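The values are calculated or read from the model by the stated rules, or taken from the named source; none is laboratory data. As the structure is a prediction and not an experimental result, all values here were calculated from the model. In this analysis, Cβ positions are derived from the backbone assuming ideal geometry, glycine residues included, and neighbour counts consider all displayed protein chains.
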Amino acid sequence: MNTRGQRILLWTAPPAVALFALAYLVFPVFSPPLSPTLTPDQVAAFFRGNNTGILGVAILCNLIACSLVPLFAVTAVQISRAATSSTVLTYAYLICVGVGTTAFILADYCWGMAAFRPDRDPQLTSLLNDMAWFFFIAPVGTIMVQNLCFALSVYLDERPDPIFPRWVAHFNVATVVLLAPSAFSILYKSGPLAWNGPLSFTLRLTTFAVYIAVMFWALLRAVRHQGDDRVVLA
Amino acid sequence: MAEVPKASALPAEHATSWRKNRKLDQWIAFWSVPFFFNLFGLVFVPLSWMMPPRSPSSTTPNIVDFMHSHNLLIACVILTLAYGLAPVSNACYLMQVRRMSVSPAFRYSMMIGAITGAIVGMLFPMFCFGLGAFRPGYSSGVLTMLYDFGYLAFIGSLGCFCVMWMAFGLAIILDENSILPKWLGYYTIWQYVTELMAAPVWIVKSGPFAWNGLMTFWFAMTLYVSWQIIVYVCIYRAIKNQPEAELDNASPELRPKVVELRSGTSA
C-alpha cells in the first residue's frame with residue numbers, strides 16, 4: 001500500500017504547530033495568563049483594552065482549531081496496524097480526538113464572544129472568560145485516554161516487528177501523568193494548580209508541545225517503515 | 001498448544017497467563033465501562049447532588065445556594081479526568097457492530113453520535129454547574145441561567161444518543177452473523193424511542209414532563225439503566241464467544257489450525 005497520503009498529512013503538522021505557536025505568543029490573555037482572582041470588572045476592563053488582539057487570535061484559532069487532526073488521524077491508522085484482537089483502541093482514540101478538539105473550539109468561541117462585544121455586562125464577560133479557561137485547561141480526560149490507547153496498542157501488539165519503539169509508549173503514559181494536574185485547576189484560584197499556575201498551565205502546554213514533536217517524529221518513522229503493510233481499519 | 005506462542009512469534013517476556021489472552025484490548029475496554037459508570041454515578045449523585053434533578057421551579061435563593069456548593073467543583077474535577085472513558089465504552093460496543101454483516105455506515109453513525117454527545121450531554125452541563133460554584137460573586141440571574149442550561153443540556157440532549165442507539169439497534173436487527181440476540185435490537189429501538197418523551201423538558205417547568213418529572217426523569221432513567229445493564233451483559237457474552245480464528249490478530253499460521261480444531265470439536 002502506498003503511504004504517500006499519510007506522509008502528506010503528517011507534513012501538514014509543522015505549519016499547524018507554527019500557527020499555534022504564533023497564536024500562543026500574541027494572545028494577550030496568555031501574556032501573562034490572566035489570573036483567576038481578577039474581579040468581573042477587571043476582566044471586562046482587560047477585554048476592552050486588548051480587544052483587537054484577543055479577537056484576532058480567536059479568529060486565527062477558529063481557522064486552525066482542527067489543524068492537528070491529520071496528525072491524530074495518522075496516529076489512528078498506525079494504532080489500527082497493531083496486531084490486537086480488534087480495532088477498539090483505534091475507535092476509542094478517534095472519538096477522543098473529536099471530543100477533545102470540540103472542547104478546544106468552545107474555549108476559543110468563549111474568548112471570541114467576550115471580545116466581540118466588550119461593553120457587555122462585566123458579569124457576562126467574566127463568565128465567558130471563566131468558561132473559556134475551563135474548556136481550555138481542565139478537560140484533559142480525552143487526551144489522557146487517547147494517549148493510553150496509543151500506549152496500549154504498542155504494549156499489546158503481537159507483531160514480531162514493532163511499529164513504534166517501546167519508549168514512545170512509555171512516553172505517552174508519562175504525558176498522561178503530566179497532564180492530569182490541569183483537571184484540578186477548577187478547584188483553585190491561586191497557586192501551582194490554578195489555571196495560570198506552573199502545573200496547570202506551563203506544564204500542560206509544555207507537555208503537549210513536546211508530545212506533538214515526539215509523535216511527529218515517531219509517526220514519520222512508522223510510516224516510512226510501513227511499506228506494503230496493510231491497514232486493518234474501516 | 002505449546003507450539004502456538006512460538007508459531008505466532010510471541011516474545012518470551014510476554015508469557016504470563018493474563019498477557020496471553022488474545023482479546024486483552026477488548027477486555028480492558030470492556031472492564032473500563034463499569035469503572036466509568038460508577039465514577040459517573042458518583043459525580044452526579046452523592047457528590048454533587050445534581051441528580052436526582054432539582055426542580056425547574058425552585059426559588060432563586062434555593063438555586064443560588066445550590067450553585068454555590070463546593071462539591072460541584074470536586075464533581076467537575078472527577079468528571080474532567082474520567083470523561084475520556086466514555087469513548088472507550090462506546091468503542092467497545094461498536095466493536096461488536098463491526099463484526100456484523102452490516103455496512104460500516106452503522107458503526108460510523110455510532111462513532112459520530114458518541115463524539116457529539118460527550119460534550120453537549122456530559123462535559124458542558126457539568127461545567128455550567130462548576131462555573132457557578134467557581135466564582136461565588138455571580139449575580140442570581142447568571143446563576144439561574146447556568147442552572148437551567150446545565151439541567152436542560154444534561155437531561156434534554158437526546159439527538160446524538162438517539163442516532164447512536166438507532167444505528168446500534170438497526171445493525172443488530174439486520175445482522176446475519178448472529179453477533180447479538182435479535183430481541184436486543186428490538187428492545188434497543190423501543191428504548192430510544194421511549195427516551196424521546198423527554199423532549200418536553202424544554203417547555204414545562206413542573207409536573208411529570210418537567211426535567212425532574214416522573215416520566216422524563218424517573219421513568220426514563222429506570223428504563224435506561226436496566227437497558228444499559230442488559231446491553232452490557234450481551235456485549236460480555238459476544239466478546240467471550242468470539243472465536244479465536246475470527247480475531248484481527250489471529251496469525252495466518254494459527255488461523256487454519258484453529259478453524260480445523262473448531263470444526264472438529266463443534267461437529
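Screening B:Ile112 on (1) part of a helix (DSSP H, G or I); (2) surrounded by 20 or more Cβ atoms within 10 Å (Cβ to Cβ) shows it passes everything except condition (2).
Yes or no, residue by residue, for (1) in contact with a strand residue (DSSP E or B) (Cβ under 6 Å, 6 or more places away or on another chain); (2) touching a residue at least 40 places away in the same chain (Cβ under 8 Å); (3) within 16 Å of B:Phe124 (Cβ to Cβ); (4) surrounded by fewer than 24 Cβ atoms within 10 Å (Cβ to Cβ):
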{"residue": "A:Pro118", "(1), (2), (3), (4)": "no, yes, no, yes"}
{"residue": "A:Leu124", "(1), (2), (3), (4)": "no, no, no, yes"}
{"residue": "A:Leu128", "(1), (2), (3), (4)": "no, no, yes, yes"}
{"residue": "A:Met131", "(1), (2), (3), (4)": "no, no, yes, no"}
{"residue": "A:Phe134", "(1), (2), (3), (4)": "no, yes, yes, no"}
{"residue": "A:Gly141", "(1), (2), (3), (4)": "no, yes, yes, no"}
{"residue": "A:Cys149", "(1), (2), (3), (4)": "no, yes, no, no"}
{"residue": "A:Ser153", "(1), (2), (3), (4)": "no, yes, no, no"}
{"residue": "A:Leu156", "(1), (2), (3), (4)": "no, yes, no, yes"}
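Those residues that are of a type in the set (S, T, N, Q) and either touching a residue at least 24 places away in the same chain (Cβ under 8 Å) or buried (at least 18 other Cβ atoms within 10 Å of the Cβ) (or both), I need them from segment B:20-49; list them, please. Listed by number, the residues that qualify are B:Gln26, B:Ser32, B:Ser48.
Go through segment B:72-85 and give me each residue that's under 15 Å from B:Phe127 (Cβ atoms) and either away from chain A (no Cβ under 13 Å) or not in a helix (DSSP H, G or I) (or both).
Hit for segment B:72-85 is B:Tyr83, nothing else.
Exactly one residue out of A:Ile79, A:Ile8 is surrounded by fewer than 20 Cβ atoms within 10 Å (Cβ to Cβ), over 16 Å from the mean Cα position of the chain (by Cα) and not hydroxyl-bearing (Ser, Thr, Tyr), and it is A:Ile8. Within the set B:Ala133, B:Ala118, the sole residue that is in contact with a His (Cβ under 7 Å, 6 or more places away or on another chain) and within 11 Å of another protein chain (Cβ to nearest Cβ) turns out to be B:Ala133.
Of the residues B:Ser69, B:Ser101, which single one is more than 14 Å from every other protein chain (Cβ to nearest Cβ) and of a type in the set (S, T, N, Q)? Before you say what the answer is, go through the steps one by one.
Values: B:Ser69 fails: more than 14 Å from every other protein chain (Cβ to nearest Cβ).
Result: B:Ser101 is the single residue among B:Ser69, B:Ser101 that is more than 14 Å from every other protein chain (Cβ to nearest Cβ) and of a type in the set (S, T, N, Q).
The helices (runs of 4 or more DSSP H) falling completely within segment B:158-260 that include 1 or more residues that are at pLDDT below 90, surrounded by fewer than 19 Cβ atoms within 10 Å (Cβ to Cβ) and within 14 Å of chain A (Cβ to nearest Cβ) map to B:159-174.
Summed over segment A:106-128, the residues that are within 14 Å of chain B (Cβ to nearest Cβ) and closer than 10 Å to A:Phe47 by Cβ give a count of 6. Among the residues making up segment A:98-128, those that are more than 19 Å from the chain's Cα centre (by Cα) and not aliphatic (A, V, I, L, M) are A:Phe116, A:Arg117, A:Pro118, A:Asp119, A:Arg120, A:Asp121, A:Pro122, A:Gln123, A:Thr125, A:Ser126.
I'd like to check something: does segment A:130-143 contain any residue that is over 30 Å from B:Glu244 (Cβ atoms), within 9 Å of another protein chain (Cβ to nearest Cβ), small (Gly, Ala, Ser) and assigned to a helix (DSSP H, G or I)? So far as segment A:130-143 goes, yes, one or more of its residues are over 30 Å from B:Glu244 (Cβ atoms), within 9 Å of another protein chain (Cβ to nearest Cβ), small (Gly, Ala, Ser) and assigned to a helix (DSSP H, G or I).
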